[in-house]
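Input: a single structure, listed below in structure tokens.
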Amino acid sequence: MRRISLQDLNDTMILAKPIYQGTRLILERDITHLTRYIKQLENIGIYSLYVKDSPSEDISIPDAVSEETRQRCMSAVSAIFDKLKTQGNLDISQLDGVIEAILDDIFSEKDIICSLHHIASIDDDTMVHCINTTIYCILIGKRRGLSTEDLTTLAKGAILHDIGKVDLNETILLKAASLTQEEYSHIKEHSSLGYAFLKNNKGLSDEAKLIALQHHERLDGSGYPKGLKGDEIHLFARITAVADMFDALTTARCYRKSMSNHKAYDILTDDALKGKLDRKLVSCLFDHVAIYPNGIIVYLSDGTHGIVKHQNPGQPFRPIVRIIDDTNGINNVTLFDLDLTEHPELTIKA
Ligand SMILES: [Fe+2]
């Protein structure tokens with residue numbers, strides 16, 4: 001399996017992961033002749049797919065949670081956000097069940113190195129971001145040695161971390177151009193608004209509620225809303241800050257394209273070095289999240305290219321790559337696997 005842009009699709013490829021719009025299945029796994037769906041997919045903001053083709057047939061892309069768990073989460077989170085928006089009523093009664101399902105999935109894979117590049121329509125941005133951030137938080141928290149009880153609290157707070165966005169002006173929230181100072185100040189209100197929604201809820205602990213309030217605070221005091229520093233920011237909010245930033249960078253938004261995991265790794269590492277993000281927590285994230293995920297195309301320093309086939313644990317910059325040698329023409333392609341741990345002279349260039 002590999003991920004491919006719509007413009008590179010051809011009709012010999014087979015859809016490897018189903019496509020949903022909200023909770024509605026629009027394309028089933030194993031569908032062929034994919035080029036006939038390109039227009040329909042572009043219309044809902046989907047520009048790439050996971051496919052199986054002969055060079056990627058035996059390449060698997062590990063998921064932290066199953067498709068079933070992800071869809072259960074989508075329904076639960078949509079219901080919570082919709083009810084709050086339309087009735088002003090915060091009902092989180094469904095949360096415990098879905099958090100348990102996410103934790104069960106994550107704990108069933110002991111040393112997973114994954115990538116959460118879930119293909120979703122543009123309408124599902126907020127829900128997918130809440131779910132991805134929660135999964136990243138659990139992966140970081142698990143690596144950090146948190147108890148199951150703490151991971152459950154962390155996950156409940158993380159899934160609701162952006163709930164304050166329900167009260168923001170949608171025109172500003174979805175604006176494709178850069179924001180004015182005034183508009184940015186409006187967006188920044190979502191952390192205090194979110195905390196106000198959660199404050200009196202009896203189903204959430206105080207620690208979970210603080211995640212909504214503090215996830216944009218930074219260790220050096222440069223964050224918002226209060227400019228807290230270091231340990232003044234709760235550990236769970238420091239974990240969510242790392243998870244939230246990584247997912248925001250690696251997911252396409254209405255105002256910019258998505259960034260590669262590698263580029264996002266550079267930015268998070270830089271923020272950790274500048275004392276904004278917790279360095280240990282950034283490192284915990286990249287113990288479980290691939291810097292060069294399986295199924296992406298990489299270009300090597302010797303001019304060759306290939307598909308990332310497999311991760312080498314503890315060696316995030318040196319995966320095994322399925323080299324595609326097409327120097328003798330596209331009808332005469334040869335494939336071979338190259339383990340970058342055995343080739344120190346080679347590096348990934350792009
Ligand atoms: Fe946020």
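The values are calculated or read from the model by the stated rules, or taken from the named source; none is laboratory data. On a predicted model such as this, the values are computed, not experimentally measured, just so you know. Note: ideal-geometry Cβ built from the backbone for every residue, glycine included; neighbour counts use all protein chains shown.
Which residues, taken from the range 214-241, are out of contact with any Leu (no Cβ under 6 Å at 6 or more places or on another chain) and within 23 Å of Gln94 (Cβ to Cβ)?
His215, Thr240
Look at Ile135 and say whether it is in the same structural domain as Ile102 (by TED's automatic domain parsing), among the β-branched types (Val, Ile, Thr) and touching a residue at least 40 places away in the same chain (Cβ under 8 Å).
Details: in the same structural domain as Ile102 (by TED's automatic domain parsing): yes; among the β-branched types (Val, Ile, Thr): yes; touching a residue at least 40 places away in the same chain (Cβ under 8 Å): yes.
Yes, satisfied.
For a quick check of your reading of the model, give me the residue pairs whose first member lies in the range 190-208 and is among the hydrophobic types (A, V, I, L, M, F, W, C), whose second is away from the ligand (no atom under 16 Å from the Cβ) and not in a helix (DSSP H, G or I), with beta-carbon atoms closer than 8 Å and at least 6 apart or on different chains.
Phe197/Leu90; Leu198/Leu90; Leu198/Leu204; Leu204/Ile92
Give Ile172, Ile163 a once-over and let me know the one that is crowded, with 19+ Cβ neighbours inside 10 Å, in contact with a helix residue (DSSP H, G or I) (Cβ under 6 Å, 6 or more places away or on another chain) and either under 27 Å from Ser115 (Cα atoms) or assigned by TED's automatic domain parsing to the domain that holds His129 (or both).
Exactly one residue qualifies, and that residue is Ile163.
Being more than 16 Å from Leu90 (Cα to Cα) and within 23 Å of the chain's Cα centre (by Cα) narrows it down to one residue among Ile159, Ile163, Ile187; which is it?
Ile187
Kindly indicate which of His310, His305, His234 is away from the ligand (no atom under 14 Å from the Cβ) and within 24 Å of Val166 (Cα to Cα).
After ruling out the rest, the residue left standing is His234.
In the set Ile80, Ile135, which member is buried (at least 22 other Cβ atoms within 10 Å of the Cβ), within 18 Å of the chain's Cα centre (by Cα) and of a type in the set (A, V, I, L, M)? Explain how you work it out, then say what you get.
Values: Ile80 fails: within 18 Å of the chain's Cα centre (by Cα).
The match here is Ile135.
Tell me yes or no: at least one residue of the range 112-122 is outside any loop (DSSP other than H, G, I, E, B) and within 16 Å of the ligand (Cβ to nearest atom).
Within the range 112-122, none of the residues are outside any loop (DSSP other than H, G, I, E, B) and within 16 Å of the ligand (Cβ to nearest atom).
For the range 298-316, enumerate the residues that are among the small types (Gly, Ala, Ser) and surrounded by fewer than 17 Cβ atoms within 10 Å (Cβ to Cβ).
Within the range 298-316, Ser301, Gly303, Gly314 meet the criteria.
Provide a single number: the residues in the range 75-102 that are in a loop (DSSP other than H, G, I, E, B) and under 18 Å from His190 (Cα atoms).
Residues of the range 75-102 in a loop (DSSP other than H, G, I, E, B): 88-94.
Within this subset, residues satisfying the condition of being under 18 Å from His190 (Cα atoms) are 88-90.
Final tally of qualifying residues: 3.
In this structure, does Leu228 turn out to be in the same structural domain as Lys142 (by TED's automatic domain parsing) and either of a type outside the set (A, V, I, L, M, F, W, C) or within 16 Å of the ligand (Cβ to nearest atom) (or both)?
In short, yes.
For the range 37-70: of the residues being in a strand (DSSP E or B) and under 18 Å from the mean Cα position of the chain (by Cα), which is surrounded by the fewest Cβ atoms within 10 Å (Cβ to Cβ)?
Ser48
Based on this model, can you work out whether Ala252 counts as farther than 23 Å from Pro62 by Cα, small (Gly, Ala, Ser) and buried (at least 16 other Cβ atoms within 10 Å of the Cβ)?
Here the answer is no, as Ala252 does not meet what is asked.
Regarding Ser258, is this residue more than 11 Å from the ligand (Cβ to nearest atom), in a loop (DSSP other than H, G, I, E, B), in the same structural domain as Leu139 (by TED's automatic domain parsing) and surrounded by fewer than 15 Cβ atoms within 10 Å (Cβ to Cβ)?
no
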